[in-house]
Amino acid sequence: MITNQAFAKQSKSGNRQEPINMQRRILMGGALAAALASSGRVLAEENHGGPDNPFILLLKGIYQLVPPHKGPANNLGLTTVSLSDGTYSTTRIYPIFGILESNDQDRPIGTFYVQLTAGNLCAYDLPGGALAMSFNSGPVYNDVGFNTFVPVDDRNGGFFLEGTFELKILEATGIYRDFQGGHNHMVDKLHQLPNNAGLDEFCFCNISQYQFP
């Protein structure tokens, strides 16, 4: 995702920074999920029919702007975000781990809403409920892409924005209600397509009831 702070830092730095080993970050994200799972995994049948703790989602696809007053009906039942105010864009959500629908990872199961440049909020519209989150403002470590992006030339006229982000779960409804107050660790590789043709997302979300310090 592009928060105001991360986008500003990327714009100032340009494409001169060295590429970051994205594979290492993905492995770290997977290791985090495994550690959380081994220490306190909550089975679906024990969690009001909801997902495991943690569960993993993939955000994938080109972002589309949500026009003003054209957001989802009833704002997904959320009060900490306003998805029809014209500041949000959407992409698709795919199930990866710990959620009932993950037995078919190629089928999108929901919609992700995010303020790309005009704020620090996002929301997940999922089967059985919704989640609202905010991006943590810090700490920020530019050299490793922590809570910010590192630009990497795609050698085709565009560039990748790579980084990890920590988010707090502000609201959780339906089968996800036990995750309210929890944490989301994102491992992101956002592609700025050549000729400003759009932003193509590829981001793993490790969502848990763990409260990040």
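The values are calculated or read from the model by the stated rules, or taken from the named source; none is laboratory data. Keep in mind the model is a prediction, meaning the values are calculated, not measured. Neighbour counts are summed over all protein chains in view; Cβ atoms, including those assigned to glycine, are modelled from backbone coordinates with ideal geometry.
A few points about this structure:
- Annotation note: of Ala33, Ala44, the sole residue that is under 17 Å from the mean Cα position of the chain (by Cα), among the hydrophobic types (A, V, I, L, M, F, W, C) and modelled with pLDDT under 95 is Ala33.
- Note on the range 95-122: residues that are among the hydrophobic types (A, V, I, L, M, F, W, C), more than 19 Å from Asp188 (Cβ to Cβ) and modelled with pLDDT of 95 or more total 2.
- Where a residue in the range 51-76 is free of Cβ contacts under 8 Å to residues at least 12 places away in the same chain and its partner, wherever it lies, is buried (at least 18 other Cβ atoms within 10 Å of the Cβ), with Cβ under 6 Å and at least six apart: Asn75/Leu83
- A single member of Thr164, Thr148, Thr117 is of a type in the set (Val, Ile, Thr) and either surrounded by fewer than 20 Cβ atoms within 10 Å (Cβ to Cβ) or without any contact (Cβ under 8 Å) to a residue 24 or more places away in the chain (or both), and it is Thr117.
- Screening Val152 on (1) β-branched (Val, Ile, Thr); (2) touching a Phe, Trp or Tyr at 6+ places or on another chain (Cβ under 6 Å); (3) under 26 Å from Ile109 (Cβ atoms) shows it passes everything except condition (3).
- Test: Phe135 is among the aromatic types (Phe, Trp, Tyr), buried (at least 17 other Cβ atoms within 10 Å of the Cβ) and within 23 Å of Pro213 (Cα to Cα): yes
- In this structure, Arg92 does satisfy being at pLDDT 95 or above, surrounded by fewer than 19 Cβ atoms within 10 Å (Cβ to Cβ) and outside any helix (DSSP H, G or I).
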